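The values are calculated or read from the model by the stated rules, or taken from the named source; none is laboratory data. A quick note: this is a predicted structure, and the numbers were derived from the prediction, not measured. Because the Cβ atoms are built from the backbone with ideal geometry, glycine has one as well, and the counts that use them run over all protein chains shown. To get the accessible areas, we keep the full protein, side chains included, count just its heavy atoms, and leave off ligands, DNA and RNA. Shrake-Rupley method; radii C 1.70, N 1.55, O 1.52, S 1.80 Å.
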Amino acid sequence: MEAIMEAPPLSPAVARPAHVPEDRVVDFDIYAPPNGRENFHLAWKALKDSGVPELVWTPRNGGHWMATTGRLISHIFADYKRFSSRVLFVPKENGEHHQLPPSTIDPPTHRPYRALITNGLSPRGVAAIEDRIRTMAASLIEDLRPNGRCNFTTDYAEQLPVRIFMNMVDLPMEDAPKIKYWVDQTTRPDGTMNYADAIAALVSYMAPWTEARRGGLGTDLITGIVNGKVGDRALTPKEAAELCAQVLVGGVDTVVNMLSFIMLHFATHPESARELVETPELIGIAVEELLRRFPIISDGREIAGDMEFEGVAMKAGEMIVLPTVLHGLDENENPDPLTVSFHRSTANHSTFGNGAHKCPGAHLARVEIRITLEEWFKRIPVFSVDPAAQITFSCGVVGCVDRLPLIWDPATTSDAA
């Protein structure tokens, strides 16, 4: 049995500002929640179950506010006038280095930048590559099927979304590992690279690619972005490199980690897997329920001005964190929230955010998850976690399953030909 890794150290605590009521203070490090290594989602659920208010303040990571209910999380995501996207991460000194459009620009200025990205990620654009996604997924699963085992995180989850993305942006697949490393240092830093250098590396990597495609006729996402316009003008070289760097951040991390959480669920809940194997028409509905149950992102927002909000004084420049986990697991939004049910009338969540900055890649993510489930269950209907493995999690702006060793009997599989 593998030993559980030690919990990461807590960030230093700062003093409570005078305007923060004592009864709103909760000592909680979003990057090192208690027992987060053992169960990422239950660690967050335990915070809410402890009876904390809907809006709390923690002295960790520079000191920041935190919303703890679906109602507030959804509302604040949409309220860009009072809660700015200028800084997205805590501690704030790190978040200020992430100045990549359009994610850190508020409406209406952000709209033309966002449009350059969403044009290539629209339902119509994704539909055009769905057959390609399915072929990639089927090929990866078929390669794994006869082996009777895999580390799902590295053998599939880090393969499919990244291959799809690198194909969409027409970048060399051999560059994917270093891109993933830089992105990881912005979402789950391991101390080998500071935040500012990771962002700089992504922008520097993209700069020659964006300039080389200026004026080009390619159909890839980067060419489409670089040759688009903001109003009546072309993008500057700096804007083009930063905008495409933001695309990299969104393209090689989130779905990778979401897939591992989803497959961990099926590996430990065979009744859920059996339901989709026997009733594959439920898979589309299942995707939304799985997105609700396994959110992984904790975004931040900057308070735009001094104000009274939800009974407390907030000061301009302070940060608030919006843990999407706590929306999907809010009993007032989703009864019996820990249970995965493919028969809910609604699945309320903020897994892709809300409002003007809702994730532009949400449709692509849904398609990747749906196709993965369709193709996996056709071939490997029965599987489980390797009993010799100890599953651990890492927490950060994006949570993840560290390793997911799965096993199955090849005799129970099918080549789905």
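Overview of values
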{"item": "Low-density loop cleavage sites - trypsin sites (Lys or Arg not before Pro) in the range 264-337, where at most 13 other Cβ are within 10 Å (DSSP)", "result": "K315"}
{"item": "Mean separation of Cα contacts under 8 Å, 6 or more apart, over the residue count of the chain: relative contact order %", "result": "26"}
{"item": "Size of charge dipole - the chain - debye, nearest 20, with Cβ of Lys, Arg +1 and Asp, Glu -1, no other charges", "result": "960"}
{"item": "Reachable aspartates and glutamates from K178, criterion Cα separation under 15 angstrom, eight or more residues apart if same chain", "result": "E158, D190, D197, D253"}
{"item": "Under the Karplus curve 6.51 cos²θ - 1.76 cosθ + 1.60, θ = phi - 60°, whole-Hz ³J(HN,Hα) for the range 64-70, x wherever Gly or Pro sits", "result": "7, 7, 8, 8, 10, 10, x"}
{"item": "Share of carbon and sulfur in the accessible heavy-atom surface of the chain [1.4 Å probe, %]", "result": "54"}
{"item": "Helix-only [θ]222 nm of the chain, DSSP H runs n ≥ 4, -39500 (n - 2.57) each, per residue, nearest 500", "result": "-12500 deg cm²/dmol"}
{"item": "Pairs from K48/K378; K92/K358; K81/K238; K45/K358 whose Cα-Cα separation, in the structure shown, is over 31 Å", "result": "K48/K378"}
{"item": "Inter-centroid distance (Cα atoms) of the range 38-99 relative to the range 354-417, Å", "result": "27"}
{"item": "Per-pair calculated FRET efficiency, R0 = 30 Å: S414 and D131 via Cβ, rounded to 0.05", "result": "0.90"}
{"item": "Extended-chain gain in nm, criterion 0.36 nm per residue less alpha-carbon gap, Y181 and A115", "result": "21.0 nm"}
{"item": "Karplus 3J(HN,Hα) series, Hz, for the range 267-275 with 6.51 cos²θ - 1.76 cosθ + 1.60 (x for Gly, Pro)", "result": "5, 10, 9, x, 5, 5, 4, 4, 4"}
{"item": "The range 204-235 versus the range 246-308: alpha-carbon centroid distance in Å", "result": "31"}
{"item": "R379-E93 pseudo-label distance in nm [points 7 Å out on the Cα-to-Cβ vector]", "result": "4.8"}
{"item": "Ranked by how many other beta carbons lie within 10 Å on average, peptides 400-411, 168-179 from highest", "result": "400-411, 168-179"}
{"item": "For the chain, projected area of the alpha-carbon convex hull averaged over all directions, nm²", "result": "20.2"}
